[in-house]
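Participant: Just dropping this structure here.
Readers should treat all values here as calculations from the given coordinates under stated rules, not as data from a laboratory. Since the model is a prediction, treat every value here as computed from it, not as a measurement. Glycine gets a Cβ as well: all are built from the backbone with ideal geometry, and neighbour counts include every protein chain shown.
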């Protein structure tokens, strides 16, 4: 898919198909591992509908109602995705531990294997589709969906391997261990993949709290600003930046020497243009505001109180 909306629609439809198949297979096989997979996808489908709407909002310019644009909605959606996946995972973990302590559960391994084959192939294909889409569109929404489908592929592959093991144990007539395969599988998969929703939610929360982007993003931007102002005498350059969703907001305060000659507005605009171009070689989309002053107090960190000399 070469468009963001197209990739997100495909992701949503795949989640619905696999979720419906998972719930149906659960009713026939009595496997909680498949139920986890089905619930995971149905919840993701519901969020995907919101994600498609947010992707359209994120491409709009700012407005009077939202003066800093709509990209914060991307972080909010990714936070909800991470928390919902985490919630389903914890629910499945608790249920699996309870089943393990109560003697396990019997499942229809044959039907479960058919579902697991279908789910593994479908999830892997969708993850590959999201990965290819990222080559055409830089989107944190598609990046989050890609991580979802990678996790989903791992879960489905683990389900497939475990149910093949169930058939092997039955063939070897080791019936004692068979009821424990499904809850042990759920516990293993949840513990293996728990880090993904935690990282997703943590990053989104940091973006909503306006934390400075990671050094991999911030350092090149600071270097670009320094390079753009290399030929300009300055007393201090103070850079502040946040990145909600795909948008990078950069605020640059340039403190000029008091004895420097007054500069025309057009000259300052040329400096702004140079800074903007330098930053865009490292990150886009981006909004950059540059403030020139000869008084350090206007560039200093502030808690919002009245600024006095």
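Participant: Using the count of nearby Cβ atoms within 10 Å as a rough guide to exposure, how do 225, 52 rank from fewest to most?
Facilitator: On the way: 225 23, 52 18.
Arranged by neighbour count, lowest to highest, 225, 52 become 52, 225.
Participant: A follow-up question, please. Mind checking the angle between helix 72-101 and the chain's longest principal axis? C-alpha axes, 0 to 90 degrees, to the nearest 10.
Facilitator: It is inclined by approximately 30 degrees.
Participant: Give me 43, 279 sorted ascending by neighbouring Cβ count inside 10 Å, so fewest comes first.
Facilitator: Numbers: 43 18, 279 25.
Fewest-to-most ranking of 43, 279: 43, 279.
Participant: If you don't mind, another one. What does the helix-only formula give at 222 nm for the chain: each DSSP H stretch with n ≥ 4 adding -39500 (n - 2.57), the total divided by the residues, and the result rounded to the nearest 500 deg cm²/dmol?
Facilitator: Computed ellipticity for the chain at 222 nm equals -22500 deg cm²/dmol.
Participant: Also: Pulled fully out, how much extra length does the chain show between residue 66 and residue 23, if you take 0.36 nm times their separation in residues and subtract their Cα-Cα distance?
Facilitator: Working: separation 43, 0.36 × 43 = 15.48 nm, distance 4.02 nm.
Here the segment from residue 66 to residue 23 would lengthen by 11.5 nm.
Participant: So what's the angle, to the nearest 10 degrees on a 0 to 90 scale, between helix 195-208 and the longest Cα principal axis of the chain?
Facilitator: Tilt of helix 195-208: around 30 degrees.
Participant: At a 10 Å Cβ-Cβ cut-off, how would you order 146, 81, 2, fewest neighbours first?
Facilitator: Values: 146 22, 81 25, 2 10.
By the 10 Å Cβ count, ascending: 2, 146, 81.
Participant: List the relative contact order of region 4-208 as a percent without decimals, with contacts defined as Cα pairs under 8 Å and 6+ residues apart.
Facilitator: 31
Participant: Let me ask something else about it. Could you tell me how far the Cα centroid of region 239-257 sits from the Cα centroid of region 128-168, in Å?
Facilitator: With region 128-168 and region 239-257 each reduced to a Cα centre, they are spaced 35 Å.
Participant: State, to one decimal in nm, how far the label point of residue 49 lies from the label point of residue 198, with both points 7 Å from Cα in the Cβ direction.
Facilitator: Distance between label points: 3.2 nm.
Participant: Normalising by the residue count of region 215-298, find the relative contact order in percent from Cα pairs under 8 Å and 6+ residues apart. Please report the intermediate quantities before stating the final value.
Facilitator: Details: 108 pairs, mean separation 32.1, N = 84.
So the answer I get is 38 percent.
Participant: Which number comes out as Rg/Rh for region 215-298 once both Rg and the Kirkwood Rh are worked out on C-alpha atoms?
Facilitator: Values: Rg = 12.8 Å, Rh = 13.2 Å.
Over the Cα atoms of region 215-298, Rg/Rh equals 0.97.
Participant: Write down Rg/Rh for region 172-276, rounded to two decimals, with Rg from the C-alpha atoms and Rh from the Kirkwood relation over Cα pairs.
Facilitator: Numbers: Rg = 25.9 Å, Rh = 18.3 Å.
With Rh from the inverse mean 1/r over Cα pairs, Rg/Rh is 1.41.
Participant: Expected output is a single nm value to one decimal: the length gained when fully extending between residue 138 and residue 30, i.e. 0.36 nm times separation in residues minus the C-alpha distance. What is it? Mind showing how you got there, number by number?
Facilitator: On the way: separation 108, 0.36 × 108 = 38.88 nm, distance 4.09 nm.
So the chain would gain 34.8 nm between residue 138 and residue 30.
Participant: Among [x] 121; [y] 137; [z] 154, which one is volume of the Cα convex hull per residue in Å³ computed from these coordinates?
Facilitator: [z]
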